[in-house]
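Worksheet for the structure shown next.
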Amino acid sequence: MFTGIIRHLGTLETSHAEPDGSIMLEINAPFSQNLNEGDSVAVNGVCLTVLSHTDTIWTCRLMAETIVKTTIGLLQTGSQVNLELPAKVGDRLDGHIVQGHVDTPCAITDIASHGNDRIMTLQPPKEFLSRITPKGSVALDGVSLTIVDVTNDTFTVSLMPYTLEHTTFGAINVGDLVNMETDHTNTAHWLSGTVLQGDKRGTALGFPTANIALDEHSQMPKEGIYAVRAMIADDPTSYAGALHVGPRPSFEGAAPSVELHIINFAPRDLYGEKIHFTPIEKIRDVKKFASTKALVDAITQDVQQARSILMYH
Ligand SMILES: Cc1cc2nc3c(=O)[nH]c(=O)nc-3n(C[C@H](O)[C@H](O)[C@H](O)COP(=O)(O)O)c2cc1C
């Protein structure tokens, strides 16, 4: 287990393809002489086992799975690599819990300067986007980074000067691939969408809602009413909410919707803004109510239930 705080850089000295398809690597590392056979070291975020070592170099073997799922097999000799030794019990965990089990290689699509920092945009394969938690953590080439923003098919992280200086990110370019490990301690699946113009019926009911057009990568939840955690782009608050997904049989002609009532939210027009949310628990099925009063009573109860569910989430 690692924490994504890089304290050493190393160099790939040699890389040899073996007849069985595996690759043997020799890595020059400042801590080589203190290693033992069988120790784990994270190399660009990939947990590898030490097979042998000298005072300056240690060797490891990449098996087929590692070659397919990570960028390590693509490294050129002479490349610098981010190195991390496993966390010790009693150590400070400055980053977040990183297993060294990479999910996927991920492409860098943009790097922009922002004062002394750099904002890096990445485009992971679509199926991994729901595991990217806005304002959560991700390990990229073994470096623990905070997710700044999530868009339709990309996410951004900010690299500060310290990180640029002490990791391989100082020399990274658009088009490069990095090893991505999502935060495995966070089991929430995040959905994203843009707020559409609603019929404003919700405001009249006393429960204003944001009608959401889901992004392509976000899979429509099953019909129902849910307690959700929600975030609005650029706002660091984690809001509690009650989400409606599906038809609105109480109103003739109303199209199905994904509608979010944000609890304790100072009303403002969210039209066009990005919303991220994760359903925590289903509250009930969608129902047809005979009167507006019956619907309002049901939503009032939903909101109460959502509040108590979300107290510990
Ligand atoms: C928590 C919650 C639960 C809801 N439950 C139902 C329901 O069971 N049946 C229904 O017809 N509409 C339900 N709705 C949808 C309301 O009918 C909807 O908010 C209203 O039509 C306003 O839509 P508008 O914002 O597009 O004007 C629910 C909405 C919320 C926020």
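The values are calculated or read from the model by the stated rules, or taken from the named source; none is laboratory data. Predicted model, so just to flag it, every value in this text is computed and none were measured. Neighbour counts run over all protein chains shown; Cβ positions are idealised from the backbone, glycine included. The protein model used for the area step is the full one, side chains on, heavy atoms only, and it has no ligands, DNA or RNA in it. Shrake-Rupley method; radii C 1.70, N 1.55, O 1.52, S 1.80 Å.
Please give the charge dipole size of the range 8-84, origin at the Cα centre, charges +1 on K and R Cβ atoms and -1 on D and E Cβ atoms. Round to the nearest 20 debye.
Here the range 8-84 has a charge dipole of around 200 debye.
Considering the chain, what Rg and Dmax in Å follow from its alpha-carbon atoms?
Over the chain's Cα set, Rg and Dmax evaluate to 23.7, 79 Å.
So, in nm, how far is label Glu223 from label Asn186 when the simple model puts each one 7 Å beyond its Cα toward the Cβ?
Result for the modelled spin labels: 3.2 nm.
Of the cross-linked pairs Lys69/Lys222; Lys126/Lys274; Lys222/Lys288; Lys135/Lys222, which ones have a Cα-Cα span greater than 20 Å in the structure shown?
Exceeds cut-off: Lys69/Lys222; Lys135/Lys222.
Determine the relative contact order of the chain: mean sequence separation of Cα pairs under 8 Å and six or more apart, normalised by residue count, in whole percent.
15
Of the heavy-atom accessible surface of the chain (probe 1.4 angstrom), what whole percent is carbon and sulfur?
For the chain, the apolar C and S fraction of the accessible surface comes to 51 percent.
Between Asp94 and Asp117, what is the FRET efficiency for a Förster distance of 25 Å, r being their Cβ-Cβ separation, to the nearest 0.05?
It comes out at approximately 0.85.
Just how far, in whole angstrom, is the range 137-157 from the range 57-73 if you go by their alpha carbon centroids?
If we compute the Cα centre of each part, the gap is 23 Å.
Please list 82-88, 11-17 highest first by mean number of surrounding beta-carbon atoms within 10 Å per residue. Don't skip to the end; give the middle numbers.
On the way: 82-88: 18.6, 11-17: 14.9.
The packing order, highest mean first, is 82-88, 11-17.
Report, to the nearest 10°, how far helix 292-310 tilts away from the longest principal axis of the Cα atoms in the chain, using its own Cα long axis and a range of 0 to 90°.
The answer is roughly 30 degrees.
What is the magnitude of the charge dipole of the chain about its Cα centre, with +1 placed on the Cβ of each Lys and Arg, -1 on the Cβ of each Asp and Glu, and no other charges, expressed in debye to the nearest 20?
Dipole magnitude for the chain comes out near 1420 debye.
Bin width 10 Å, alpha-carbon pairs only: give the P(r) of the range 191-310 as whole percents, running from 0 to the bin holding the largest distance.
13, 51, 32, 3
To the nearest Å, what is the center-to-center distance of the range 106-127 and the range 1-31, using C-alpha atoms only?
Each part's Cα centre sits 25 Å from the other's.
Given the options Thr3, His313, Ser257, identify the residue whose Cα lies farthest towards the positive end of the charge dipole of the chain (+1 on Cβ of Lys, Arg; -1 on Cβ of Asp, Glu).
Farthest towards the positive end: Ser257.
Excluding Gly246 itself, what net charge comes from residues whose Cβ is under 11 Å from its Cβ, given Lys and Arg +1 and Asp and Glu -1?
Within the 11 Å Cβ shell, the charges total 0.
Can you tell me the order of 197-203, 150-156 when each peptide is scored by its average per-residue count of other Cβ atoms within 10 angstrom, highest first? Could the numbers behind the result be given before it?
Details: 197-203: 14.0, 150-156: 18.1.
Result, highest mean first: 150-156, 197-203.
What is the distance in Å between the Cα centroid of the range 243-298 and that of the range 170-187?
36
Quick one: dipole size for the range 124-258, taken about the Cα centre, charges +1 on Lys/Arg Cβ and -1 on Asp/Glu Cβ, in debye to the nearest 20.
Values: 8 positive and 15 negative charges, 118 e Å.
Dipole magnitude for the range 124-258 comes out near 560 debye.
With N set to the residue count of the range 8-84, report its C-alpha Rg divided by 2.2 N^0.38 Å to two decimal places.
Here the answer is 0.98, to two decimals.
At a probe radius of 1.4 Å, what is the per-residue accessible area of Met160, in Å² to the nearest 10?
It works out to around 100 Å².
Counting Lys +1, Arg +1, Asp -1, Glu -1, what net charge surrounds His217 among other residues with beta carbon under 12 Å of its beta carbon?
Values: positive: Lys126, Arg131; negative: Glu127, Asp153, Asp215, Glu216.
So the environment of His217 carries a net charge of -2.
Within the set of other residues whose C-beta is less than 11 Å from the C-beta of Asn82, count the net charge using Lys and Arg as +1 and Asp and Glu as -1.
-1
Which whole-number value in Å² is the accessible area per residue of the chain, probe 1.4 Å?
Accessible surface, normalised per residue, equals 50 Å².
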